[in-house]
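Reviewing the structure listed below.
The values are calculated or read from the model by the stated rules, or taken from the named source; none is laboratory data. Computed from a predicted model, the values in this text were never measured in an experiment. Methodologically, a virtual Cβ is constructed for each residue, glycine included, from the backbone with ideal geometry; neighbour enumeration extends over all protein chains shown. Note: areas computed on protein heavy atoms with side chains; ligands, DNA, RNA excluded. Shrake-Rupley method; radii C 1.70, N 1.55, O 1.52, S 1.80 Å.
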Amino acid sequence: MALPDRNKKSKIFTLIYNISGGAINAQFIITVIAALGAIATGTILGWSSPAQSMFESDETLLSFTVTSKDTQTFSSVFGIGAALGALPAGYVSRTFGRPASMMLFEGFLLVGWVMLVLPTSVWLLSVGRMMQGIGAGALCAVIPSYVGEIAEPRMRGRLGTIFQLFIVIGILYSYTSGAFMNYVPFCIACGFWVILHFVGALTIPESPYHLMNINDPNGAAVSLQILRDSSDTTEELASIKTFIEKQKSQNYTVMEVLSNKVNRKALLISIGCMFFQQMSGINVVIFYMNDIFKSTGANMSPNACTIIVGVVQLIMTVVSFTIIDRGGRKALLVISALLMAACYAGLGGFFLIKTHSPELASTLSWLPLVCIAVYISAFSIGYGPVPWILMGEIYSSEVKPIGTSLTTCTNWTLVFVVTYVSTELTRWLGQAGCFLTFSAFCLMGAAFAAIIVPETKNKTLADIQLKLVGKSKIPPAAVDVVGTTEHVAVENMTTTFS
């Protein structure tokens, strides 16, 4: 795929920037445009819940029958596709550039939506979800990496949170449109964001890191001038050049990386956070939210409950945007996990009461909505965004390509495993047992964060590496040893594979 002409792209973005009167930071505008792909991903994550309700309420909706086992399969197979898409994302973005890679992977989302709009069999629904998973998994690697590369250190946390915020907006969009639209218009309305992001990616500048990596310093200078609203970017450009040269000089095998105790500890922390993020059951709640509310027997419409929870999630994600650079990563993880455990315990208790005392349960019909709303809030301020941010902070440059690949693959593989097994878990243990199991995992997640995860707030990558070693003071040469400065720390934001 040929990269669109850079000068033309710069002119298009400059026009957008001028329309805003220059009052909005260029990095913010570009991040918003790039993160439209997160809304497209969010609509895919939120699709399962309303679509499943449509299939159950109208058996003539499709020309074939969709069983509960089919729903379990095409809902969870998305995770397999995402794991497969995440693996080559770094290589593709390094070869074609960040914006061009975004456009390429949006193609997988578009093909997936076509299959979902016009399915002729159940397997086509599963293939469509798999295609969407490939595209979404790759976008979850490319977009945060791009945002991390274009952001100044002082804005890195806030701009990085926009990606999570837009995923939540996409989920809420799916919940809302699915409540008021028929199946085909619903799918088309969700697919609209794919087209919008594709067009938006045509207008944003290439990452200066990528341009420097392909030996285009003039292009990198132009890109950096657009991003910084300034012509004086000489020092930062030199810093980027030094970092890229250092990266190119480092070539480690997997065994060499894993033989280092500090690298193994970083892998443990990052993969552990992702493990407990998914074992908190977040995607079970998102994928099957309508079913959960139906099973409570509450008087309120399941669609209305789902939309309320979506709004709460959006509000709390905005809150996380304001506190992520103020509250400690460790504290947010611990508080988040403890609150989620309490909410799951409340849900488990409700279903136990419903089984043994339906009359009492009818007076507590408000409890599931409150528990899920608080649960989503807790996830949104802690175990939602923090593991992704930690992954961008915890790895040294030598372990980053391997570490981020393993971590992201672990995350998406667990999406499949947890969403698929949760249905079986409900059959084995009942709904109460399923929720209490997730509560136990959340408690383990709190203990993991409290005991294992280091505090990384306001620390450079060099400081973090020294903390992993067990040292508290940074020697003058440490920055060079780790291969970074505070400015260059933006390179590894979230899920970069290059």
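Could you list, in sequence order, the residues of the range 201-227 that are open to solvent by 10 Å² or more (accessible area, probe 1.4 Å) and touching a helix residue (DSSP H, G or I) at 6+ places or on another chain (Cβ under 8 Å)?
Within the range 201-227, Leu202, Thr203, Met212, Asn213, Pro217, Ala221, Val222, Ile226 qualify.
Cβ-Cβ under 7 Å, sequence separation 6+ or interchain: first residue in the range 265-276 and farther than 14 Å from Val415 by Cα and open to solvent by 50 Å² or more (accessible area, probe 1.4 Å), partner modelled with pLDDT under 90 and in a helix (DSSP H, G or I). Which pairs? As it stands, the answer is Lys265/Leu468, since those pairs meet every condition given.
Only one of Met115, Met130 is assigned to a helix (DSSP H, G or I), farther than 30 Å from Met391 by Cα and at pLDDT 90 or above. Can you tell me which? Show your work before the answer.
Working: Met130 fails: farther than 30 Å from Met391 by Cα.
Testing whether each residue is assigned to a helix (DSSP H, G or I), farther than 30 Å from Met391 by Cα and at pLDDT 90 or above leaves just Met115.
Total residues in the range 90-125 satisfying the condition of being among the polar types (S, T, N, Q), open to solvent by 60 Å² or more (accessible area, probe 1.4 Å) and more than 16 Å from Leu211 (Cα to Cα): the figure is 1. Determine whether the range 259-268 contains at least one residue that is out of contact with any Pro (no Cβ under 8 Å at 6 or more places or on another chain), within 30 Å of Gln465 (Cα to Cα), at pLDDT below 80 and aliphatic (A, V, I, L, M). Looking through the range 259-268, none of the residues is out of contact with any Pro (no Cβ under 8 Å at 6 or more places or on another chain), within 30 Å of Gln465 (Cα to Cα), at pLDDT below 80 and aliphatic (A, V, I, L, M). Within the range 193-206, the set of residues being closer than 19 Å to Ala221 by Cα and either in a helix (DSSP H, G or I) or in contact with a Ser or Thr (Cβ under 7 Å, 6 or more places away or on another chain) (or both) comprises Pro205, Glu206. Residue selection: Phe416 fails the criterion of being at pLDDT 80 or above, crowded, with 23+ Cβ neighbours inside 10 Å, hydrophobic (A, V, I, L, M, F, W, C) and under 30 Å from Lys69 (Cβ atoms). The single condition from (1) of a type in the set (A, V, I, L, M); (2) more than 14 Å from Ala373 (Cα to Cα); (3) at pLDDT below 80 that Met289 fails is (2). Only a single criterion out of (1) at pLDDT 90 or above; (2) within 24 Å of Phe166 (Cα to Cα); (3) open to solvent by 30 Å² or more (accessible area, probe 1.4 Å) is not satisfied by Ala345, namely (2).
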